[in-house]
Each structure stands twice: as C-alpha cells, then as structure tokens.
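The values are calculated or read from the model by the stated rules, or taken from the named source; none is laboratory data. All figures in this text were calculated on a predicted structure; none of them were measured in a lab. Cβ atoms come from the backbone with ideal geometry, glycine included; neighbour counts cover every protein chain shown.
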Amino acid sequence: MHIPDGYLSPQTCAVMGAAMVPVLYKSVKEVNKELDKKDIPTMAIGSAFSFTVMMFNVPIPGGTTAHAIGSTLLAIVLGPWAAVISVTVALIIQALLFGDGGVLALGANTFNMAFLAPFVGYGVYKLMMRLKLKKVLSSAIGAYAGINAAAFATAVELGIQPMLFHTATGKALYFPYELNISIPAMMFAHLTVAGFVEAIVTALVIYYLEKVEEDNILYQYSYRLRGEKR
Amino acid sequence: MDRFLEKTIQGIYGIFEDLFYSDEIAAKKGLMQSLDPRVKLLSILLLIVIANFGKSILFLSVFAIYTVVLAFLSKIPLKAYIKRVAVISIIFTGIILLPSTFNFFEKGSPLIYFGKNLYITKEGALASLTLMMRSFVSLSFVYILSLSTKWTDILKAFRSFHLPQVFTTTLEMAFRYIFLFLEVSLNTFLARKSRNVGKIKGRDGRKFVASVIGSILIRSNELTEEVYKAMVSRGYRGEYKTFSSFKMTPWDYIWISSNLIFIIALFNAKL
C-alpha cells in the first residue's frame, strides 16, 4: 500500500500533504492534552512499535506471508490521535531511510495509513462495541474496515491520475490506470487477503492483552491497554 | 509454513545491515558526505520535486545520469546502488505497468507484435518508460541521501525546517527505540525458531506473531513510563532544547550554486 514516488503527480502529493497538516496539528494538540508531559516518550515509543509491527511477516494460507500495518490496533490501545502520530513517524522513517514509499507521496501515504486507517478502524470498533459485540470481534471488524478504507483511498488517489494529468493527446503522464481498474485491483487484494490478515492479527493481539494473567510480570503494565482505569 | 520466521529474521537483519552499510559509506570522503545535512536534505527534496514534474524521457534521462554521477562521486558502490533502486523502480513498476503498454488498454502504433491483434504500443511503452525513469530518479535521490548521511543526522536536519518540536523530537527518539524493539523481536523470533520441531501450522504462526506484538506493546508501555521518569529526573519539564552542531561550509555554497545552474540550464534547454 506504500505508494512510491513517480506514480502520483506532484500536485496530488501537495494536496495530500496539505490535507495532513491540520490532521497532524490537531493530533499533536490532542495527544498533549490527553497525556500531559508524557507526550514525547509515548509517541516516540508508539512510532517505534508501529515500525516494528510493519516488519513482521504473518503466515497466510497458501504458504506465503503478508504484513500487517497495525493502525487500528494502535488506535484502540493508544487512542486514534496518538496512532496518527505514531504511524506517520514510522512512515517518514521508512520513506527517508529505507525508500519504502515515496518521499513526495508521504502526504498520500500518511493520509491513507496514518489517518484514514486508524480513524475508520477505531470508529467501526467503537460502533461494534456499542452494538454489544465482544471486544476481540469488534477489533477484528474495525481493523478489516480500517485497512480497506486505506486501500480504497490509495486506489482512488492512483485512479484519478490519468483523468487529471495527461498530455494534449490524452496520454497519461503518471499512473496510467483509471478508477475502473485501480479500485477493483486494490480492493480485491485487500477484501480477500490483506484485510483478513490485519483483522486476525489485531484481534489476536487484543485477545492476548485481555488474557495476560495476573501473575504475569507484565500484568501491572497492561491495565491501560485493557481499558481499565487505575 | 515456518517461512514467516526466517523472513522476519532476515528482514530485521536487513535493517541492521542497511544501518551498518550507510554508516560505512557516510564515513567516506565523497561529494555528498562533505555537505551539511540540512542543505543535503532540503536540496534532495527539491530535486525530487523538480524531477517529478518531468514529462519527457530526455529530461528524466538527464536526471538519471545526474543521480548516477552523484552516487559515483559520493563513493557509493554503483552495482549495489543500481540493483537496489531498480528492484522497485524498474522491476516492480514494470510489472504493474506491463498491461498498460498493450493495445487492448489503449490504441497506438504497434511496437512489438505478440499476435495479429496483440501488440505493445509505442505510446504505451514510452509512457511506462517515463514513469519508470521518474521512479528511478526519485528513489535514487533518497538512496543517495540515506547512504551518504548518518541517519541520526538526517533526522536532526528536520529541525532546521522549523517543524513543531514535538514532531522532530519524536522522530529522533523513535529512531533509537526502533532498534531496541527490533532487537527484542529478533531475539524472540530466533528463540522460537531454535525451539522449532517440525512445521508450524499457519494458525499457530499467526498466534505467535500476535503474541509477540502484544508483548512488545506491553513492554513499550512499560518503557514509556520509565523513559518519562528518567527524563523528568534529568530536568525535563515538557520543554525540550536541542543542540545542533551543523555548520555550513564553502562546499555547501558551491553545491547550492552549481545545482541552481544545473536546474536553470535544464529548464532553458526545454527538454
């Protein structure tokens, strides 16, 4: 889902980057309010966590492996605003130091994976919780919705390129496939495989966090992650 | 089914390798290494923007040659560099673009025939080549930047853009903890692998990955508290002052002016 440079026109990148500015501004403010002075270490360590999770290969049926993004997971355990910053910082490090995802496309990539994915995922999760579904199941549905929302946005950003940016003769200058190809291609992969990977991993982690027993040394540290107040 | 263990272990080793490799090259005496990281970061970003506005093959070819020369003058091993950049920009992009070059996607004058009614069009091939070149140039610049600069310096250079400090400090701190978490994960995956008998079922594999994520999450939460307390005990009160020791040298001015000349000449040539 990381869009490399060269696929999107610089104009699109500028618009997506501009869209992320108020989002980041708001999330820095929200995180400051919620976590008072602990903001920096919390967000730094959240970002490192996000980066690490994206490194893990998850076995999928058929003998191959896939990656999870963990946006919804972070939104559930840290809150959606902190998730925005964590995933954004992880994506910046990936783009600048490892060349995963474009530098110009960072605006688009962060919008999809660091803003849409955690917020849609978190929103759906909260909705499911309100419908009295179990936490583990709600998190799975949320994660599935979150990653598919991000995939859909990616497909739209790519698919509008040939309509907006072409030569006088109508030849595409950037990504050549229109929406009628980009959306089915992206959504097929995410609705069938990547969405379930994300859902299963998120649900299993939530399940694991709920199951950490009282005699476990980690128990005292996980109360906040389980949603308990102390 | 236990390929996921090896893939993750190799992936993490790959990151450590990249870090080591870039530290080694950043320590060499080359063109890019002699520049101030702030100047380097900003100029590389601007060069990527300009390259992405490029629409013609010729314009992008000039940029492609420029990146290779830059890599050469910065003492970056050319073979490894081209291989690394080409995997994404040529091979990955090429596979995605291949269908768009055929006549069933868009009509055009035939270039290579596969059958009577199936051929690659000249226009399609040209458009794909442009995109591949653009992707190659952009990725090259990023790669040259990340190899010729110490990674901590790249992140430090962000401060000079006057972004909110919350953001830049988070970036710098995150970088340190990434390596801690990667090491913890590496050890966990290695421990699991060394205790492995037979094949791991997909189900168990997914459970294992999720439990690693869960345990790292709990540890990170614990670490946050500790780091925060450690910072407070050293006088942290919610504000952060940072020192940067970057200094502009004559090389930076030479670099900036020669790049300006290059860009202006490129636009005047109307490629």
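Looking at B:Phe262, is it aromatic (Phe, Trp, Tyr) and either modelled with pLDDT under 85 or farther than 30 Å from B:Gly54 by Cβ (or both)? No.
Quick grid of which residues meet (1) farther than 30 Å from B:Phe72 by Cβ; (2) buried (at least 21 other Cβ atoms within 10 Å of the Cβ):
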{"site": "B:Ile120", "(1), (2)": "yes, no"}
{"site": "B:Arg134", "(1), (2)": "no, yes"}
{"site": "B:Ile178", "(1), (2)": "yes, yes"}
{"site": "B:Glu183", "(1), (2)": "yes, no"}
{"site": "B:Asn187", "(1), (2)": "yes, no"}
{"site": "B:Lys199", "(1), (2)": "yes, no"}
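Among the criteria (1) at pLDDT below 85; (2) part of a loop (DSSP other than H, G, I, E, B); (3) under 29 Å from B:Thr149 (Cβ atoms), the one A:Val103 does not fulfil is (1).
Within segment B:124-167, the set of residues being assigned to a helix (DSSP H, G or I), more than 24 Å from A:Ile3 (Cα to Cα) and free of Cβ contacts under 8 Å to residues at least 60 places away in the same chain comprises B:Thr152, B:Val166. Exactly one residue out of B:Lys83, B:Lys55, B:Lys29, B:Lys7 is modelled with pLDDT of 85 or more, outside any helix (DSSP H, G or I) and of a type in the set (D, E, K, R), and it is B:Lys29. B:Ile44 fulfils the conditions (1) more than 12 Å from chain A (Cβ to nearest Cβ); (2) out of contact with any Lys or Arg (no Cβ under 6 Å at 6 or more places or on another chain) except for a single criterion, (1).
Yes/no matrix, rows are residues, columns are (1) facing chain B (nearest Cβ under 7 Å); (2) in a helix (DSSP H, G or I):
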position	(1), (2)
A:Phe51	yes, yes
A:Met54	no, yes
A:Pro61	yes, no
A:Ile69	no, no
A:Leu73	no, yes
A:Val77	yes, yes
A:Ala83	no, yes
A:Val87	no, yes
A:Ala90	no, yes
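Conditions (1) in contact (Cβ under 8 Å) with a residue 40 or more places away in the chain; (2) of a type in the set (Lys, Arg); (3) closer than 27 Å to B:Phe208 by Cβ, marked per residue:
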residue: A:Thr12; (1), (2), (3): yes, no, no
residue: A:Ala18; (1), (2), (3): yes, no, no
residue: A:Lys26; (1), (2), (3): yes, yes, no
residue: A:Lys33; (1), (2), (3): no, yes, no
residue: A:Ile45; (1), (2), (3): no, no, yes
residue: A:Ala75; (1), (2), (3): yes, no, yes
residue: A:Pro80; (1), (2), (3): yes, no, no
